[in-house]
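Below is one structure; the comments refer to it alone.
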Amino acid sequence: VSDATDTYLLLRAFVQELARCGMRAACTSPGSRSAPLVLSLARQPEMRCYSHIDERCSGFFALGLAKASGLPAAVACTSGTAAAELLPAAVEAHQARVPMLVLTADRPPELREVGAGQTVDQLKLLGGAAKWFFEVGVHEADEERLRWMRTLACRAFWTSLEGRPGVVHLNFPLREPLVPAGALPDDDTGRPDGRPYVARPWSRGAHAHALSTFGALLAGADRGVVVAGRDERDAELAHQLTRFCEAARWPLLADPLSGARSGESAIAHYDALLRDDRFTAAMQPDLILRVGDLPTSKPLREWLAGLGGVRQIALDPESAWQDPAAVLERSFALDPVLALEGIGPTAAAPERWLQTWRSADERAARAIGRALAQERLSEPAVAAELGELLPGTATVFVASSMPVRDLETFWPARPEPPRALCNRGANGIDGTVSSAFGVSAALEGPVVLLIGDVALTHDLGGLLAATRLGLRLVVVLLNNDGGGIFDFLAVAGAPIARDHAPGDERQAEDLYTRHIATPPLLDFARAAELFGVGHDLVGDRSGLRAAVERALAQEGTTIIEIRTEREANVALHRHVWREVGEELAALSPPATGAAPPA
Ligand SMILES: Cc1ncc(C[n+]2csc(CCOP(=O)(O)OP(=O)(O)O)c2C)c(N)n1
Ligand SMILES: [Mg+2]
């Protein structure tokens, strides 16, 4: 019969193998049933363990760790609703292809469905969000079972990483007693020299046949365009893309989340340019090459969707299959770095092609600069400022909603841009603070979180990481009293939403404000005080620059708050797009003439 010593011996072997595979971080949450899991993780010397009270925060923190490091982190929690709190982060990890290892403690089978406390059905609890679920069972720690446990750990680790990376969920039934009486005996079932029990270095090859097809397609194009979206793992890819586009003289439409908005070919303001019908009519490409996720920009998505007969191809090694408009004609399961390296030099596009894109981009930049010139801060100005102000060693975590869009629209192209990360798998506004802290825990350089007031409110508890875990984060809060994104939509002006509910006419807020925009009505200075973090309210550009510099120089976490107005923000965005349109109209006729450049 197994007892607590068996439990701990098996878990020690399991955790040791995770460390031998390369895992360096785990997240824990409180509980009794999970104590063997949590203590085994925390006692493993190579493993940094981050304690979280809220499992939802824990899951998102692990997500941030993995996004920043490229390696899965373990998330351990107790049984019951605790395990269910991990679903949002697991969904995001699944959709965004981020590796994660979920370890849930459970009651043993004899205590399930008989009224034992804190017991729910945890089998396949994460559903389709987990790429592999396994019920571990209860075992004696004999030699054979210890070796099996080691293999299981390696399999869980490598499975989370290979192919389409994602979530592995192991459910651990744990019998009482939950702590051993004395010290654990030695266990020499592991491999010598600290090697993992099963090594499985994964490789994404560049197969010769696919490579030559890919190369031929690129060589046959005259006016190519590269669209680069979110790719959080491979810094080398960004360099490879800028090199390729410079050599081929192709415009590079790079979302900041690709890391590739840099160099001579970068077209930073494609979101504004592609709103202009004359521009898109004049600038017909003959090949689109897509790398990484599809960017958020709606004009870009609509442009791609409407290109008709233009050949569109993708490099998609993780089987993301992002093609909502069904326009891709070839999707290569090739590693983009190896593929672009493997095809060698390609013929350059005609001089005018990139030149015209570039002069349009410069015009857009001028128009945007004029429209945002005032010293008083606006939401777009904050995004643009961060793009200029932050060192290349910094990482910007952007929240969903307007921050990620403003980054895409207003971030300049520059050498060595700061890294940009975002939870774009499911576009949630949940768990953002925790994810950013997870990134901060994994990286040496400074991390800045650009976030709206509703998203900050949603994960306000994530701020606990500042003092409980002693982590640094610069939170740049755009406080516009609610979800400013909804003010761009028809619902903001619809009579059905601007009314009051029957019998509710005396309420100050209309239905739109109360139920859709949802102003949090929080005093964030007091929230900062409660969580023991700094707070700075800034209103103009020089104030922002000074506050960011101060915050970067400090240990600890600071919230830099900027107050803006939702309606004025919509008006400013529309003004920018108009200004860019006018600036483009002034482009000399031959450049945007109806005939595509030869
Ligand atoms: C978990 C979750 N709930 C709801 C939504 C829908 N949603 C998208 S944006 C948004 C408002 C975000 O407001 P804020 O963070 O203040 O950013 P702003 O729109 O003002 O830029 C909401 C509720 C979501 N994406 N995720
Ligand atoms: Mg807001």
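Among the listed residues Leu471, Leu386, Leu450, identify the single one that is within 18 Å of Val533 (Cα to Cα) and within 16 Å of ligand 1 (Cβ to nearest atom).
Numbers: Leu471 fails: within 16 Å of ligand 1 (Cβ to nearest atom); Leu386 fails: within 18 Å of Val533 (Cα to Cα).
Every option except Leu450 fails the conditions.
Could you pull out every one of the helices (runs of 4 or more DSSP H) wholly within segment 189-287 that has 2 or more residues that are among the small types (Gly, Ala, Ser) and more than 30 Å from Ala93 (Cβ to Cβ)?
Working: elements: 208-219, 235-248, 270-273, 277-282.
By residue number, 208-219, 235-248, 277-282.
Away from ligand 1 (no atom under 16 Å from the Cβ), touching a Pro at 6+ places or on another chain (Cβ under 8 Å) and closer than 23 Å to Phe437 by Cα: is that true of Arg526 in this structure?
For Arg526, the condition - away from ligand 1 (no atom under 16 Å from the Cβ), touching a Pro at 6+ places or on another chain (Cβ under 8 Å) and closer than 23 Å to Phe437 by Cα - is not met.
So which residues in segment 386-397 are more than 14 Å from Val475 (Cα to Cα), in contact with a helix residue (DSSP H, G or I) (Cβ under 9 Å, 6 or more places away or on another chain) and either in a loop (DSSP other than H, G, I, E, B) or open to solvent by 10 Å² or more (accessible area, probe 1.4 Å) (or both)?
Let us first name the residues in segment 386-397 that are more than 14 Å from Val475 (Cα to Cα), namely 387-389, 391-393.
Subset that is in contact with a helix residue (DSSP H, G or I) (Cβ under 9 Å, 6 or more places away or on another chain): 387, 389, 391.
The answer is Leu389, Pro391.
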Q.
Taking the condition of being more than 16 Å from Ala551 (Cα to Cα) and away from ligand 1 (no atom under 16 Å from the Cβ), how many residues in segment 453-468 meet it?
A. 3
Q | Check on Thr189, among the hydroxyl-bearing types (Ser, Thr, Tyr) and more than 30 Å from Leu338 (Cα to Cα) | A | yes
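For residues in segment 272-292 being open to solvent by 10 Å² or more (accessible area, probe 1.4 Å) and under 28 Å from the mean Cα position of the chain (by Cα), which is farthest from Glu351 (Cα to Cα)? Let's see the steps before the verdict.
Within segment 272-292, the subset open to solvent by 10 Å² or more (accessible area, probe 1.4 Å) is 274-278, 280-281, 284, 286, 290, 292.
Filter again for under 28 Å from the mean Cα position of the chain (by Cα), leaving 274-275, 290, 292.
Details: Leu274: 21, Arg275: 24, Arg290: 22, Gly292: 27 Å.
Applying the filter and picking the extreme gives Gly292.
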Q) List the pairs whose first member sits in segment 164-185 and is closer than 12 Å to Ser2 by Cβ, whose second member is hydroxyl-bearing (Ser, Thr, Tyr) and open to solvent by 10 Å² or more (accessible area, probe 1.4 Å), and whose Cβ atoms are under 8 Å apart, counting only residues at least 6 apart or on separate chains? A) Leu174/Thr7; Arg175/Ser2; Arg175/Thr7; Pro180/Thr5; Pro180/Thr7; Pro180/Tyr8
Q) So Gln312 clears everything in (1) open to solvent by less than 10 Å² (accessible area, probe 1.4 Å); (2) modelled with pLDDT under 95 except one condition, right? Which one? A) (2)
**Q.** Cβ pairs under 8 Å, 6+ apart, first in segment 514-525 and under 9 Å from Asp481 (Cα atoms), second more than 12 Å from ligand 2 (Cβ to nearest atom) and polar (S, T, N, Q)
**A.** Pro519/Thr513
Q | Test: Ala360 is more than 24 Å from the chain's Cα centre (by Cα), surrounded by fewer than 24 Cβ atoms within 10 Å (Cβ to Cβ), away from ligand 2 (no atom under 16 Å from the Cβ) and of a type in the set (Gly, Ala, Ser) | A | no
**Q.** Pairs where the first residue, in segment 248-273, is closer than 16 Å to Val580 by Cβ and at pLDDT 95 or above and the second is open to solvent by 10 Å² or more (accessible area, probe 1.4 Å) and in a loop (DSSP other than H, G, I, E, B), C-beta under 7 Å, 6+ apart
**A.** Ala268/Pro412; Ala268/Ala413
Q | Scan of segment 544-570 for residues that are farther than 24 Å from Ser440 by Cα and in a helix (DSSP H, G or I), ordered by number | A | Arg566, Glu567, Ala568, Asn569, Val570
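In segment 364-373, which residue that is touching a helix residue (DSSP H, G or I) at 6+ places or on another chain (Cβ under 8 Å) and open to solvent by 50 Å² or more (accessible area, probe 1.4 Å) is nearest to His575 (Cα to Cα)?
Here is the first cut: in segment 364-373, the residues touching a helix residue (DSSP H, G or I) at 6+ places or on another chain (Cβ under 8 Å) are 364, 366-368, 370-372.
After this cut, where a residue has to be open to solvent by 50 Å² or more (accessible area, probe 1.4 Å) as well, the list is 366, 370.
Working: Arg366: 14, Arg370: 11 Å.
Among residues in segment 364-373 that are touching a helix residue (DSSP H, G or I) at 6+ places or on another chain (Cβ under 8 Å) and open to solvent by 50 Å² or more (accessible area, probe 1.4 Å), the one nearest to His575 (Cα to Cα) is Arg370.
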Q. Among the numbered criteria (1) open to solvent by less than 50 Å² (accessible area, probe 1.4 Å); (2) within 16 Å of ligand 1 (Cβ to nearest atom); (3) within 30 Å of Ala466 (Cβ to Cβ), which single criterion is violated by Tyr512?
A. (3)
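The values are calculated or read from the model by the stated rules, or taken from the named source; none is laboratory data. Note that the coordinates shown come from a computational prediction; the quantities given were computed from them, not determined experimentally. So basically every Cβ, Gly included, is an ideal-geometry build from the backbone, and we count neighbours across all protein chains shown. The accessibility values were calculated without ligands, DNA or RNA, using every heavy atom of the protein model including side chains. Shrake-Rupley method; radii C 1.70, N 1.55, O 1.52, S 1.80 Å.
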